[in-house]
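Before any comments, here is the structure.
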Amino acid sequence: MSLMQKTRRGAPNRSAGWLLPLSGWMTFFYLIPLAFIVLTSFRTMVNYQLTDQFTLQNYLTVLTEPLYWKALRVSLLLAVRVVLITTLIAYPLAMVLVFVVPRRWRTFFLILIIAPFWTSYLIRAYSWFIVLGNNGILNLMLEALGFIDQPVQILYTGAATTIGLVHYLLPIMTLTIYTTLENIDPSLLEAANDLGAGGIRSFVHVILPLSAGGLVNGMMFLFILAFADFVSPATLGGQSERVFPQLIVDAVQWNINWPLASALSMVMVTVILLVLLLLSLLRNIGNRE
C-alpha cells in the first residue's frame, strides 16, 4: 500500500477522533439544556415549584397575548434595522481596509476597530449616556451649531438602542467582511480592469458576488446578536418599547415563571431559525445566479 493510500485511509479516522469530543461538547452544553428548556415549556409551576403536569397554556399565552406580539415585532424591526445600518457602514469600511489602506497599516487599523471589545459591553452601553443625554455631547454640539434651541430627546428611545447595537456589532461585521474581501484573488480584479470594467462594474460583477457568502454569514450573526440582545434596549431604550428578550428576563427574574420563560425562549429560537433559513435561501439563490 502506498503512502498516499495510507494517508487517505487515516484521514477519516483522525477526523472522527476530533468530531467525538466536539459532539460531546455540543451535546452537553447545547442539546441537553435545549431539551430541558423544551420540556419545561410544557410544564406548570405551583408555589414556585415545577410540576410534571403537561400543558400548552404557556404557548397559548405567548401566541394570544398582544404584549408578546408587540415585543416580537419591536425586536424584529430593531434587529433588521441594526443589520442593515451596520452592513451599510461595515462593507465600505472593510473595502477601504482591503483595497485602499496599505498592508503595513492594516494591523494598526484592525486594532482600532476591535479596541471597543477591550471594555465591557455594559460599560460601552452606559458610555453612550455621555453622548446622547439631554446634556450630552451631541445635544451640546447641535445647540452650539444653531441646529436646535433645546435638547433633543435621544436617550431612552429606539434610536438610542439602535446606535448602541450598531456600535457594538460594527467591529464584528467589519472583520467578517474584511476576511472575505481579503481572500479575493487580485488577479480577478486586474482581469476585470483589463477588460474595461470600471470600479462600479468590478464591484457589481466581481467583488460583491465573491463576498456574498461572507456578507450573508455576517448578517446572520448580527441578526442573532441584535434580536437576542436586551442590554442595549434596557439601558439605552429604557422602558419605552420593550423587546422580546426583556420579557424572558422578566418571566425569570420577577415572575419566577420558568415554563413561560421557556416557551418565550422557544418562540425566539424558532423565529431566529426561520430568519436564518430565509437568509440561507437568498444566499443559495445568489450563488446559482
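The values are calculated or read from the model by the stated rules, or taken from the named source; none is laboratory data. Remember, it's a predicted structure, so these values are computed and weren't measured experimentally. All Cβ positions, glycine included, derive from the backbone under ideal geometry; neighbour counts span all protein chains shown. For the accessible areas, the whole protein counts, side chains as well, though only heavy atoms, and no ligand, DNA or RNA atoms are used. Shrake-Rupley method; radii C 1.70, N 1.55, O 1.52, S 1.80 Å.
Go through the residues of segment 148-163 one by one and say whether even a single one is touching a Leu at 6+ places or on another chain (Cβ under 7 Å), without any contact (Cβ under 8 Å) to a residue 12 or more places away in the chain and either open to solvent by 20 Å² or more (accessible area, probe 1.4 Å) or not in a loop (DSSP other than H, G, I, E, B) (or both).
Checked against the condition, which is being touching a Leu at 6+ places or on another chain (Cβ under 7 Å), without any contact (Cβ under 8 Å) to a residue 12 or more places away in the chain and either open to solvent by 20 Å² or more (accessible area, probe 1.4 Å) or not in a loop (DSSP other than H, G, I, E, B) (or both), segment 148-163 yields at least one hit.
Could you tell me which of the residues G213, G238 is modelled with pLDDT of 85 or more and not charged (D, E, K, R)?
G213
Could you tell me whether segment 28-39 includes any residue that is surrounded by 10 or more Cβ atoms within 10 Å (Cβ to Cβ), in contact with a helix residue (DSSP H, G or I) (Cβ under 7 Å, 6 or more places away or on another chain), closer than 21 Å to T270 by Cβ and at pLDDT 75 or above?
Yes.
Out of the helices (runs of 4 or more DSSP H) lying entirely within segment 178-289, which hold 3 or more residues that are open to solvent by 30 Å² or more (accessible area, probe 1.4 Å)?
The helices (runs of 4 or more DSSP H) meeting that bar are 186-194, 199-202, 208-228, 244-253, 258-288.
Being at pLDDT 90 or above, in a helix (DSSP H, G or I) and within 18 Å of T270 (Cα to Cα) narrows it down to one of V62, V96, V82, so name that one.
Matching residue, one of V62, V96, V82: V62.
Only one residue in L112, L140, L170 is more than 19 Å from the chain's Cα centre (by Cα) and either open to solvent by less than 30 Å² (accessible area, probe 1.4 Å) or under 27 Å from F223 (Cβ atoms) (or both), so which one is that?
L112
Conditions: (1) of a type in the set (S, T, Y); (2) touching a residue at least 60 places away in the same chain (Cβ under 8 Å); (3) open to solvent by less than 30 Å² (accessible area, probe 1.4 Å). Y126 meets all but one. Number of the miss?
Answer for Y126: the failing condition is (3).
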